[in-house]
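The structure is given below, and queries will be raised subsequently.
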Amino acid sequence: MRYKLISCEVFYREMCYTISQSPHQVDIEFLPKGLHDIQSSMMLARIQERIDATDQSQYQAILFGYGLCNNGIEGLTARDIPLVIPRAHDCITVFLGNKERYLSYFNNNPGVYFKTSGWIERGTPGKEFDQLSIQQKTGLELSYADLVKKYGEENAQFLFEELTKYKDRYNSFTYIEMGIEPDDRFEKQTRKDAEEAGWGFQKVSGDMTLIHRLINGKWNEDEFLVVRPGYRVVANFKDTIIEAEPCDSADQK
Amino acid sequence: MEQLQKLSEAIINGDAKAARELTREALNHRVDPKVIVKDYLIPAMDEVGKRFECNEFFVPELLIAARAMKGSLELINPILASRGDKPAGRVVIGTVKGDLHDIGKNLVASMLEGAGFEIIDLGVDVSPETFVNSIKEKQPTFLALSALLTTTMPSMKHTIDALKEAGIRDNVKVLVGGAPVSSRYAEEIGADGYSDSASGAVGLVRSLMT
């Protein structure tokens, strides 16, 4: 079989590792992680553009290294060949191996930022997203100096407090080790970040199962959505996270 | 009244100090506090909402305008309360269980407060039980639920289900919002309304009042 993989670059090492051992021929196209910081409709358009640019006569399916990602894949439409998408809220589900484990970890640790090799190596969005990012557009990433310049000293103090308050509720880094890292450099980096921020640190083992199954064509219905030609992705906010609906469905968003 | 026009401008520009001073001055000149709210504060916040909708204002402008307005209201509300004047309506608001984000929720609360509503803000990570208890105790007209993550959106449904179970679903109108929330989802979980912006929330609440 020959597949095309369109993936967020946050999975770079995991996808490359798995594809090197796959019985299938898989062509990879990584897209920037910064797509997550722009409006979901723009993220969708960028990914759809890559589907449409794919010569579909060459492949049996297009695989996706994406979760629902804040509705950024909602509306993705299959053209001539099926799309295969993990049933995941975001990449952390994929790193942890299944959605149940993610949900239980998330429910018990709501104030956690996750780190993996990809989040460390590719965590900073490129320049092309500077002006487009929601944080930038809404003023959420303005520095204290910027705030003073724009709104005056007194308002700046208030704004800085308001706009960074949510960060105070996050108090821990969880490093997910996938078992394919060259050494402990990423764990060390996360420990260092935690120490500098005065945050807690946890390390958990990742699970390559979902990635293996995605790349190796083992798409069971519980873990993957297969979108047939003429169908598109919708979020269903149930345990299955996403489903497919016909493109001519009257209930268009 | 020219001074009061300045009050509107101070709110729009987020000048909290000027807004307080102008309000105090107006009250000293025996301007009816209700007139200050209805003719100057509410229109000022409406203008802020409009500018936000057309991308002229962003989150920081909204926050400082709301803060200026709150400063004004702190002087006015005790007088209104002592006269027995009632707010436009009462809103219980909170970010649902599991979700720690509150900028959007705070903006909605501020805009509604600016529109003359009494706000009871339960904060973030609010469980369905806490919402139920607050509805029972405070008997608001509206319950506004916020979520920023697709993982926490189901908590909106759980909250509405909890209201049903407690037999108080029809006592309150439930509004939902937050980046990943859609009108489709609002309909699916049986909410009464959805808005995609803080200023839109004001229009929504007003439309549901009639």
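The values are calculated or read from the model by the stated rules, or taken from the named source; none is laboratory data. A quick note: this is a predicted structure, and the numbers were derived from the prediction, not measured. Here the Cβ is made from the backbone with ideal geometry for all residues, glycine too, and neighbour counts use every protein chain on show.
Quick check on this structure: which one of A:V26, A:V10, A:V84 is closer than 19 Å to A:V233 by Cα, crowded, with 19+ Cβ neighbours inside 10 Å and modelled with pLDDT of 95 or more?
On the way: A:V26 fails: closer than 19 Å to A:V233 by Cα; A:V10 fails: closer than 19 Å to A:V233 by Cα.
Within the list A:V26, A:V10, A:V84, the selection yields A:V84.
May I ask you to list the residues in the range B:13-38 that are among the β-branched types (V, I, T) and modelled with pLDDT of 95 or more? If you could, list the steps in order and put the result at the bottom.
Initial filter on the range B:13-38 (among the β-branched types (V, I, T)): B:23, B:31, B:35-37.
Result: B:T23, single match.
For the list (1) more than 20 Å from B:S195 (Cβ to Cβ); (2) within 14 Å of another protein chain (Cβ to nearest Cβ), I need the number of the one condition that B:P33 fails.
Answer for B:P33: the failing condition is (2).
What is the one condition in (1) touching a helix residue (DSSP H, G or I) at 6+ places or on another chain (Cβ under 7 Å); (2) polar (S, T, N, Q); (3) within 13 Å of another protein chain (Cβ to nearest Cβ) that B:S72 does not satisfy?
(3)
For the range B:2-49, which positions are at negative phi and outside any helix (DSSP H, G or I)?
Let us first name the residues in the range B:2-49 that are at negative phi, namely B:2-13, B:15-29, B:31-49.
Listed by number, the residues that qualify are B:N13, B:D15, B:H29, B:V31, B:D32.
Which one is modelled with the lowest pLDDT among residues in the range B:156-184 that are crowded, with 22+ Cβ neighbours inside 10 Å and within 12 Å of chain A (Cβ to nearest Cβ)?
Taking the candidates together, the pick is B:P180.
Being among the basic types (K, R) and more than 30 Å from A:D90 (Cβ to Cβ) is the filter here, so list the residues in the range B:165-209 that pass it.
Restricting attention to the range B:165-209, the residues satisfying the condition of being among the basic types (K, R) are B:169, B:173, B:184, B:206.
B:R169, B:K173, B:R206, listed by residue number.
Separate question: From the residues in the range B:78-96 that are surrounded by 23 or more Cβ atoms within 10 Å (Cβ to Cβ) and not hydrophobic (A, V, I, L, M, F, W, C), which one is nearest to B:G167 (Cα to Cα)?
The initial filter retains those residues of the range B:78-96 that are surrounded by 23 or more Cβ atoms within 10 Å (Cβ to Cβ), namely B:91-96.
Now narrow it down to the ones that are not hydrophobic (A, V, I, L, M, F, W, C): B:94-95.
Details: B:G94: 20, B:T95: 22 Å.
Within the range B:78-96, the match that is nearest to B:G167 (Cα to Cα) is B:G94.
Identify the residue in the range A:171-220 that is assigned to a helix (DSSP H, G or I) and of a type in the set (G, A, S) and, among all such residues, is nearest to A:Q25 (Cα to Cα).
Here is the first cut: in the range A:171-220, the residues assigned to a helix (DSSP H, G or I) are A:185-197, A:209-216.
Still in the running and of a type in the set (G, A, S): A:194, A:197.
Values: A:A194: 40, A:A197: 43 Å.
The qualifying residue nearest to A:Q25 (Cα to Cα) is A:A194.
I would also like to ask the following. For the range B:1-28, enumerate the residues that are within 14 Å of chain A (Cβ to nearest Cβ), touching a Leu at 6+ places or on another chain (Cβ under 9 Å) and aliphatic (A, V, I, L, M).
Residues satisfying the conditions are B:A10, B:I11, B:A18, B:A19.
Yes or no: B:L204 more than 11 Å from chain A (Cβ to nearest Cβ) and outside any helix (DSSP H, G or I)? Let's see the steps before the verdict.
Working: more than 11 Å from chain A (Cβ to nearest Cβ): yes; outside any helix (DSSP H, G or I): no.
No; evaluated as a whole, the condition is false for this residue.
Hey, another quick one. What do you reckon, is B:G104 of a type outside the set (V, I, T) and within 11 Å of chain A (Cβ to nearest Cβ)? Talk me through it step by step, then tell me what you get.
Values: of a type outside the set (V, I, T): yes; within 11 Å of chain A (Cβ to nearest Cβ): yes.
When the stated conditions are applied, B:G104 passes them.
Regarding the range A:141-149, can at least one residue be identified that is part of a loop (DSSP other than H, G, I, E, B), within 14 Å of chain B (Cβ to nearest Cβ) and among the aliphatic types (A, V, I, L, M)?
So far as the range A:141-149 goes, yes, one or more of its residues are part of a loop (DSSP other than H, G, I, E, B), within 14 Å of chain B (Cβ to nearest Cβ) and among the aliphatic types (A, V, I, L, M).
Any idea which residue in the range A:221-232 is nearest to A:G67 (Cα to Cα), counting only those that are part of a loop (DSSP other than H, G, I, E, B) and among the charged types (D, E, K, R)?
Our first condition is that a residue be part of a loop (DSSP other than H, G, I, E, B); within the range A:221-232, this holds for A:221-223, A:228-230.
Imposing the further condition that a residue be among the charged types (D, E, K, R) reduces the set to A:221-223, A:228.
Working: A:E221: 15, A:D222: 14, A:E223: 11, A:R228: 18 Å.
In this case the residue turns out to be A:E223.
Being modelled with pLDDT of 90 or more, more than 11 Å from the chain's Cα centre (by Cα) and not in a loop (DSSP other than H, G, I, E, B) is the filter here, so list the residues in the range B:95-123 that pass it.
B:T95, B:V96
Give me the pairs: first residue in the range B:133-152 and within 12 Å of chain A (Cβ to nearest Cβ) and surrounded by fewer than 22 Cβ atoms within 10 Å (Cβ to Cβ), second residue in a helix (DSSP H, G or I) and modelled with pLDDT under 95, beta-carbon distance under 9 Å, and six or more apart or on different chains, which are they?
B:L149/A:F106
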